[in-house]
Amino acid sequence: MRNKKASKIIFGIFFILLLAACGDSDDNSSEDNGEVDYGEEVNYTITGIEPGAGISVTTERALEEYDNLEGWEVELSSTGAMMAELGTAIQNEDPIIITGWNPHWMFALYPDMKYLEDPQEIYGGEETINSLARLDLEEDNPDAYKFIEQFEWDVEDMEEIMLEAEETGGDIGDISAQWVEDNQDKVAAWSEGVAEGNGAEIEIASTPWDSERASSGVLKAAMEEHGFNVTVTDVDVAVVFESVASGGVDATVAAWLPITHKDFYENHEDNLIDLGPNLEGAKIGIVVPEYMDIDSIEDLQPN
Ligand code: PBE
């Protein structure tokens, strides 16, 4: 009899302790069974970039396609604002979920970051950056066409320029022109079999991200060395595709495919010539600091 009573009391005390232990997590209310609810911690928000970017459009699609991202939002502002928020979060070891891509200096500055797995392949696998020309460029200026078609370089080349611009605060156009001067061996292949430009005016549409400032800057400097007169205009991605398709500009080297600029490409593919990749090994996706204990987009909880 006494034993039964004692065990009831002990069980009771144990039960109270257990409840107390469970209730003890209120200094970190989003922790559940040892797993952090990052959704709550980041206010169900992915920190993104400019509204017109391909990666922004793709992230809106991810929010629709992943059931577990129900009730999430992507905060669109600018690449500069996203990078500033990332810097602050990393400094404080706070959780943050961003839209990230390569090539970019974000991984050189913050090497301890990872892409979240994307089982539904919304962001695709490897991206290429392609060159596109207006329909009549080949007929109107076969040499310019050939030069742009032969332009290709590597992720490391592009990152070298982007990182130098970030570290020195220098102008990407100037750094790109210097890169062309220093890499004549690579540049020579682009003008192989191309006659001198003779001052022909070539208009290139580009986007305002460092990656495309670098590629358009390098193409401009290399073509100008060969006698062309090149103007680069930075516009929204949508306008890049529209202006190549309408013939308003001659070409672009800023098309991220097959996923990032898919919608823009599909809208205009009958009215432009795809000259193929000028760079292979690009990537886009959802990126988090390594100190966040998640691996997949599917690890995020709905709101
Ligand atoms: N980006 C960089 C652009 C293209 C270049 C990935 C931020 C985008 O449209 O998403």
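The values are calculated or read from the model by the stated rules, or taken from the named source; none is laboratory data. Bear in mind that the values here come from a model prediction, so they are computed numbers and not experimental data. So basically every Cβ, Gly included, is an ideal-geometry build from the backbone, and we count neighbours across all protein chains shown. The area values use the complete protein model at the heavy-atom level, side chains included, leaving out ligands, DNA and RNA. Shrake-Rupley method; radii C 1.70, N 1.55, O 1.52, S 1.80 Å.
Applying 1/(1 + (r/R0)^6) with R0 = 30 Å to the Cβ-Cβ distance of THR231 and ASP182 gives a FRET efficiency near 0.80.
How large a share of the accessible area of the range 72-117, in percent, is made up of carbon and sulfur atoms when the probe is 1.4 Å and the other protein chains stay in place? Please list the in-between numbers first.
Numbers: 950 of 2000 Å².
Heavy-atom surface of the range 72-117 belonging to carbon and sulfur, 1.4 Å probe: 48 percent.
Does the range 227-303 come out rounded, prolate or oblate by the C-alpha gyration tensor, with a ≥ b ≥ c the root eigenvalues, rounded set by a/c under 1.5 and, if not, prolate when a/b is larger than b/c and oblate if not? Display every interim value, and only then the final one.
Working: a/c = 2.91, a/b = 2.25, b/c = 1.29.
Because a/c hits 1.5 or more and a/b exceeds b/c, the range 227-303 counts as prolate.
Ligands, DNA and RNA aside, THR88 has an accessible area near 70 Å² when probed at 1.4 Å.
Does the range 168-242 come out rounded, prolate or oblate, given a ≥ b ≥ c as the square roots of the eigenvalues of its C-alpha gyration tensor, rounded meaning a/c under 1.5 and, failing that, prolate meaning a/b above b/c? Intermediate values should be presented prior to the final figure.
Values: a/c = 2.13, a/b = 1.24, b/c = 1.72.
Taking the square roots of the gyration eigenvalues as a ≥ b ≥ c, the range 168-242 is oblate.
Computed about its Cα centre, the charge dipole of the chain is approximately 1520 debye, with only Lys, Arg, Asp and Glu carrying charge at their Cβ.
Once the convex hull of all Cα atoms in the range 112-172 is built, its volume per residue stands at 150 Å³.
Between 0 and 90 degrees, the angle of helix 237-246 with respect to the longest Cα principal axis of the chain falls at about 30 degrees. Restricting attention to the chain, lysine pairs at least eight places apart or on different chains and with alpha-carbon atoms under 26 angstrom apart total 10. Is the range 157-303 best put as rounded, prolate or oblate by its Cα gyration tensor, with a ≥ b ≥ c the root eigenvalues, rounded for a/c under 1.5, and otherwise prolate when a/b is larger than b/c, oblate when not? The shape class here is oblate.
Once both labels are positioned 7 Å from their Cα atoms along Cα-to-Cβ, the gap between LEU63 and ASN92 label points is 2.2 nm.
Computed from Cα atoms, the angle from the helix 210-225 axis to the main principal axis of the chain rounds to 10 degrees. For the chain, the longest principal axis of the alpha carbon atoms and the long axis of helix 155-168 meet at an angle near 80°.
Can you give the extra length, in nm with one decimal, that the chain gains between ASN303 and GLU117 once fully stretched, where that is 0.36 nm per residue apart less the Cα-Cα distance? Don't skip to the end; give the middle numbers.
Values: separation 186, 0.36 × 186 = 66.96 nm, distance 2.00 nm.
Here the answer is 65.0 nm.
In the range 225-303, carbon and sulfur make up what percent of the accessible area (probe 1.4 Å)? Could the numbers behind the result be given before it?
On the way: 1350 of 3260 Å².
Summing carbon and sulfur atoms, their accessible area is 42 percent of the total for the range 225-303.
The accessible area of PHE107, taken with all protein chains in place and a 1.4 Å probe, comes to roughly 40 Å². One chain, two ends: GLU73 and GLU139. Fully extended at 0.36 nm per residue, the span grows by 19.1 nm beyond their Cα-Cα distance.
Solvent exposure of the chain, expressed per residue, is 50 Å² of accessible area, with all protein chains present and a 1.4 angstrom probe.
Suppose we look only past 13 Å in the calculated P(r) of the range 52-106. What percent of the Cα-Cα pairs does that tail hold? Of all Cα-Cα distances in the range 52-106, 65 percent exceed 13 Å.
How many times 2.2 N^0.38 Å is the alpha carbon radius of gyration of the chain?
Working: Rg = 25.5 Å, N = 303, 2.2 N^0.38 = 19.3 Å.
Rounded to two decimals, the normalised Rg is 1.32.
Inverting the mean 1/r over all pairs of different Cα atoms, compute the Kirkwood radius of the range 210-255 and quote it in Å. Walk me through the intermediate numbers first.
Numbers: mean 1/r = 0.0901 Å⁻¹.
Taking the inverse mean of 1/r over all distinct Cα pairs, the range 210-255 comes out at 11.1 Å.
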